[in-house]
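Visitor: Got a structure here, written out as structure tokens. Questions coming.
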Amino acid sequence: MVITRMQAASGDLGTLAVKRMEAFPWYRELSADQRAWVAVVAQAGIGAFIGWYAEWAKSPGTTVPKLTSDVFGAAPRELARVISLEQTVELVRATIDAVESQLDTFLTGEELDRARIASLQYSREVAFSAAEVYARAAEARGAWDARLEALILDALIRSDVDSEILSRISALGWSQDRPALVLAGAPPESDNHESLSVMRMAARSHSLDLLTGIHGPVMLVIIGGKGLDPLASHRLMTPYFGPGPVVVTESVTGLTELGVAARTCVSGVAAASAWPNAPRPVFAWELLAERALMGESDARQQIIENIFAPLTSDQTLLETAESYLENGQSLEASARSLFVHANTIRYRIKGITELIGYDLTDPRDSFTVRLALILGRIQPDT
């Protein structure tokens, strides 16, 4: 009899629950369709409680039916993306409060007390069910996001950025106009999926967005955001890589530049083996010579354009650079070969540094400049 009366009043209870939800700002901001689905969930929760209570009353405290499908199965999965777990708890609380406020119209005395105890246990089980729904949704969304990231990174590396890739990267909430940088290195030795999750959490804690994935033997990371601090980001991400070199880029903007940076980093990881004492992380531009020797066309073009071409615009500086390097970086020997004073050579070397940004007195810089001179000479189209 009691259950029958409760079932007959379930519609009014649902209306009361929805009316109580109108006090929540987030509920008022929902669209009409979304509010309708919330009402469906509330009504399903009340109906499930009545059925649950009928079983519970037979053996109080022992019957705990599965509630996830009963309560939340009525709503579309997309609703979990609109309403947060905290808001769902408020929905459950409002629904249970609506039921409790009317229990005294159906029950009295000891039965009323038992029903209130039952409602507390039911609300707890519904809250756990809500957490389960959101956990599954987050897991599924995480797996889907990981697949999207892998597709995006592969497209960037292959320089195959089309409208579909733009749509996919937008789906991840990535804005093309935000500054970003790229890191690449060996994957972590521990569980890759767990490490990637920890990396994402670390990025979010600094209000940064992250795209990451394993590309062959290389783990690629793109980190960006309005408040991007390149140096701090390098330090934040580097410990998550496995043993070996970690190659990083300067901050760039736009998918085209990100693609170039990604390819540069992947090439840099392979080239870094030629510099055993390279710092960790090492900038991709510091590996320009090694990347050029590996045959990377972008690196060869860059080394010619940035070093050889400027030197050819000043024949005196070009001759000085060639003489200084051919004479073992000796000021005196170079001065004798060019019939000038050693101080003149010293002054010209300073001018070369100002022109191309490379110091001929530094071993690595001089190696890069020597390679640039060789490549520039053997490529007549430059």
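All of the numbers you see were taken from the coordinates with simple rules; none came from a lab. No experiment lies behind these values; they were computed from the predicted model shown. All Cβ positions, glycine included, derive from the backbone under ideal geometry; neighbour counts span all protein chains shown.
Visitor: State the extension gain, in nm to one decimal, for the chain segment bounded by Gln102 and Leu293, taking 0.36 nm per residue of separation less the distance between their alpha-carbons.
Guide: Between Gln102 and Leu293, full extension yields an extra 60.7 nm.
Visitor: Rounded to the nearest 20 Debye, what is the dipole magnitude of region 174-289 about its Cα centre when Lys and Arg each give +1 and Asp and Glu each give -1 at the C-beta?
Guide: Its charge dipole is roughly 100 debye.
Visitor: Let me ask something else. Would you mind giving the three semi-axes, in whole Å and largest first, of the ellipsoid equivalent to region 241-382 according to its Cα gyration tensor?
Guide: Calculated on Cα positions only, the semi-axes equal 31, 16, 13 Å.
Visitor: Right, here's the next one. Based on the Cβ-Cβ distance of Thr316 and Val198, what FRET efficiency does E = 1/(1 + (r/R0)^6) give at R0 = 41 Å, to the nearest 0.05?
Guide: 0.15
Visitor: Let me ask something additional. Could you work out the local net charge near Leu220, counting Lys and Arg as +1, Asp and Glu as -1, over the other residues with Cβ closer than 11 Å to its Cβ?
Guide: Details: positive: Arg263; negative: Glu149, Asp154.
So the environment of Leu220 carries a net charge of -1.
Visitor: At a Förster radius of 30 Å, what calculated FRET efficiency corresponds to the Cβ-Cβ distance of Ala186 and Phe367, to the nearest 0.05?
Guide: In this case the efficiency is close to 0.75.
Visitor: Continuing with this model, one more query. Any idea what the relative contact order of region 191-273 is, in percent, if you count C-alpha pairs under 8 Å spaced at least 6 apart?
Guide: 22
Visitor: Taking region 329-379 as the region of interest, what is the percent of Cα-Cα pairs per 10 angstrom bin, listed from the shortest bin to the one with the maximum distance?
Guide: 25, 48, 27, 1
Visitor: Right, another one. Would you tally the net charge around Arg28, using a Cβ to Cβ cut-off of less than 10 Å, leaving Arg28 out, and scoring K and R as +1, D and E as -1?
Guide: For residues surrounding Arg28, the net value is -1.
Visitor: Run the quick spin-label model on Glu354 and Ile374: label points 7 Å from Cα toward the beta carbon, then report their separation in nm to one decimal.
Guide: Between Glu354 and Ile374, the simple spin-label model gives 3.0 nm.
Visitor: Another question, if that's okay. If each of Asn343 and Glu22 carries a label point 7 Å out from its Cα toward its Cβ, how far apart are those two points in nm?
Guide: 9.2
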